[in-house]
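Asks: Have a look at this one.
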Amino acid sequence: MGAARDVYEEGALIFPAVQIQRDFKDIEDVVRMCQMRIRVPEQWWGDYLAMVGAARVGERELLALAADVGWDALHRHTECWFDYSEQRMVEAIRKLSPGRAVRTSRHDPVPGTPPDGIEIKVAVTVDPQTMAKYTGSYTFKNPQDLNQEMRFNVTLNGNALFFDIGGKDKQELVPLSETTFSVMGIRLDFYPDHLIFHIVEGDMKATKNK
């Protein structure tokens with residue numbers, strides 16, 4: 001339904017994470033709800049069988065792989081794979097030259113939209129100085145000793161922001177958005193006069209020193 005403004009107007013069922021099988025058998029109540037509410041139940045049923053089949057094949061092969069190399073090795077591989085992909089992304093961002101790129105495309109017309117279709121425009125600006133406003137010295141409370149204040153620095157080098165405590169162990173911040181970065185698995189949200197660490201113990205505020 002091209003004219004629908006959201007998934008609710010499409011009339012679709014919106015499930016949270018729902019268990020669809022128990023002991024390798026379909027839970028029929030959930031299946032019946034889908035077949036009753038989806039406009040093409042036969043097509044949905046085929047898609048569902050394909051997804052379940054793929055999941056079961058993947059499950060079987062993963063268990064076989066774990067039996068061969070061990071779960072510890074698989075967990076280490078997962079961590080290394082994410083570290084590797086993150087580093088590849090950082091290297092690609094470093095190579096970007098300052099500038100602005102605009103691209104447009106057009107979606108085919110559907111009922112309820114203009115006859116020449118819907119224009120989609122994306123503009124991307126690469127400006128290292130956007131990140132310069134985050135540089136400086138920050139102060140935060142030591143989570144292990146709230147009476148102790150600690151300081152760290154955020155510096156800009158080329159297209160990259162770096163984080164360090166007392167000039168040691170400098171770590172590159174990985175951009176997740178214009179205002180959100182990650183370092184050592186910790187998410188940082190930057191604001192004009194402070195930033196927020198999202199750590200296991202809870203959110204922690206660091207104030208930017210003037």
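Asks: How do the pairs read when you match residues in segment 1-21 that are within 30 Å of THR113 (Cβ to Cβ) with residues anywhere that are modelled with pLDDT of 80 or more and of a type in the set (Lys, Arg), using Cβ under 8 Å and keeping only pairs 6 or more apart or on different chains?
Replies: Short answer, once both residue conditions are applied: GLY11/ARG37; ALA12/ARG37; LEU13/ARG37.
Asks: Could you give me the residue pairs with C-beta distances under 7 Å whose first residue belongs to segment 181-207 and is within 19 Å of ASN153 (Cβ to Cβ), whose second residue is among the basic types (Lys, Arg) and modelled with pLDDT of 85 or more wherever it lies, and which are 6+ apart or on separate chains?
Replies: ASP193/LYS208; HIS194/LYS205; HIS194/LYS208; ILE196/LYS205
Asks: When the residues of segment 110-123 are narrowed to those that are surrounded by 11 or more Cβ atoms within 10 Å (Cβ to Cβ) and without any contact (Cβ under 8 Å) to a residue 60 or more places away in the chain, which ends up farthest from ASN159 (Cα to Cα)? Steps first, answer last, please.
Replies: Taking segment 110-123 as the starting set, the residues that turn out to be surrounded by 11 or more Cβ atoms within 10 Å (Cβ to Cβ) are 110, 113, 117-118.
Narrowing further to those that are without any contact (Cβ under 8 Å) to a residue 60 or more places away in the chain: 117-118.
On the way: GLY117: 38, ILE118: 34 Å.
Filtering segment 110-123 for residues that are surrounded by 11 or more Cβ atoms within 10 Å (Cβ to Cβ) and without any contact (Cβ under 8 Å) to a residue 60 or more places away in the chain, the one farthest from ASN159 (Cα to Cα) comes out as GLY117.
Asks: Then there's this: With the checklist (1) surrounded by 10 or more Cβ atoms within 10 Å (Cβ to Cβ); (2) touching a strand residue (DSSP E or B) at 6+ places or on another chain (Cβ under 8 Å) in hand, flag the one item GLY99 doesn't pass.
Replies: Single failed check for GLY99: (1).
Asks: State yes or no: is ALA12 at pLDDT below 95 and either farther than 30 Å from VAL110 by Cβ or assigned to a loop (DSSP other than H, G, I, E, B) (or both)?
Replies: The answer is yes for ALA12.
Asks: Still on this structure, please answer the following. Please count how many residues of segment 157-210 are exposed (fewer than 14 other Cβ atoms within 10 Å of the Cβ), of a type in the set (Asp, Glu) and within 18 Å of the chain's Cα centre (by Cα).
Replies: Total satisfying the criteria: 1.
Quick grid of which residues meet (1) touching a Phe, Trp or Tyr at 6+ places or on another chain (Cβ under 7 Å); (2) without any contact (Cβ under 8 Å) to a residue 12 or more places away in the chain; (3) over 30 Å from LEU188 (Cβ atoms); (4) polar (S, T, N, Q):
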site	(1), (2), (3), (4)
ALA66	no, yes, yes, no
THR78	no, yes, no, yes
ILE93	no, no, no, no
GLN129	no, yes, no, yes
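Asks: Looking at segment 133-147, which of the residues that are at pLDDT 85 or above and part of a strand (DSSP E or B) is nearest to ALA92 (Cα to Cα)?
Replies: Once the filter is applied, the top-ranked residue is GLY136.
Asks: Quickly run through segment 109-127 and pick out the residues that are farther than 15 Å from ALA4 by Cα and out of contact with any strand residue (DSSP E or B) (no Cβ under 6 Å at 6 or more places or on another chain).
Replies: Residues satisfying the conditions are PRO115, ASP116, ASP127.
The values are calculated or read from the model by the stated rules, or taken from the named source; none is laboratory data. This one's a predicted model, so the numbers in the text were calculated from it and none came from an experiment. Cβ coordinates were reconstructed from backbone atoms using ideal geometry, including for glycine residues, and neighbour counts include every protein chain displayed.
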